[in-house]
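The next block holds one structure in the form of structure tokens; read it before the comments.
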Amino acid sequence: MNFANTFPQLARISGFSRFVGQRLLNDRCLETAGSLTFTTLLAVVPLFTIAITLISAFPMFSINVGKFRGFILNNLVPEASGKVIGVYMRQFAANADSLTTMGMIGLLATALLMMFTIEKTFNSIWRVKRPRKLLSRTLTYWAALTLAPILIGLSLSLTSWISQNSGLGGLNIPMLQISSWLLMFITLGLLYLTLPNCFVPRSHALIAALFSSACLELMKMLFGLYIKQFTTYNLVYGTFASFPIFLMWLYLCWVLILAGAVLSASLSYWHGNGWRWDNHHGTRFEQAVQILAALARAHQNGEVLHIDQLRRKVELGIDATQQLLEQMTAKQWVESTRDGEWILACSSERISLLTVFELVVSPLNSEVDSGLESHLELARSALDLSLADYLLDSQPANSAVSIAISGNSPI
């Protein structure tokens, strides 16, 4: 019995899951999670101190600093190490008022450095080569560092108000757990949506945020059970046992957050099974021609196309579509508008299929095995026509593109 034929949807999900897992490994996310763990270890106190300072400035939330600190520790620190880490955080927070201006700037710089590292990692996952401008990045990070504590404070205030005024005081803890999960979901969704310097569909960011937040909640439960059942780390580390537990916790959190980022970046390949032929040169050539053809037809109709429309036409991921568009931009074939939409930048007569082939498959001066040279020349001669001529071809099955990528191709 053929599993793929009997359960096609399950087989598709299984294949796509392998694609996401392989991409997670290829992007070295496990190693990056380790790097981010130590970056977080350095930045967690500055972030906590900044959050406490901001929350204290908004008495309208009607919550005390202790409740806010408890909320952060319950969600950031595992129970086994929460007491020791909490003691240190309380000491740092108590000393926040005595910080000089330069000291606060130093804490802020450490927090911003962590945000820079996260953005760099996300851009790498989404295959983004050009980061945002420094001013734009700094303003975005400052907004995030300012709004996050305020949102947590607002959530705690609303939860407390609802519990007190609706006769549901006994549900205070479950409501806090729900609000904690919702905040985690919203935070991850905003990270996946806004941090990469590229277009990310809202649905993809939300699906990935749902996956990561659910996995983090499950991991919190399993991690707590593991720590309670296996206590040998106390015998080895003694008083310092809280710190390796905290490091392990941070590492697992980052692995799941980065896994969600990879899932969000990969979901555009789900449409049309684009994950099956990612990095296949012959298919990539066909997709490049299809992109140019779509832009040429849109140009004739006085239209512009968004990258999401283009990637659906060619059944390719957003990052791979963006890479092709950047290669074509360098050739001055296409260009992006201010609104992030794409247009044809030159006449379709000026673009030959041969130059497209050389751009994405085989450069003109590349070294080729002597046995393939004659076949490559045949392929190049078949592709010696313009994009305009290709668009006039009423029989795509007989076109040069089909010849170059078919099973009977001389390549």
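Any read-out appearing in this document is the output of simple, stated calculations on the displayed coordinates, not a laboratory observation. Quick caveat, the model's predicted, so the values are computed rather than measured. Reconstructed Cβ throughout: ideal geometry from the backbone, glycine too, with neighbour counts over all protein chains shown.
Remarks
- As a calculated quantity, the FRET efficiency between T117 and D393 at R0 = 41 Å, using C-beta atoms, amounts to about 0.25.
- Within the shell of other residues whose beta carbon sits under 13 angstrom from the beta carbon of S136, the net charge comes to +3, with Lys and Arg scored +1 and Asp and Glu -1.
- For peptides 261-268, 101-108, sequence by mean Cβ density within 10 Å, most packed first: 261-268, 101-108
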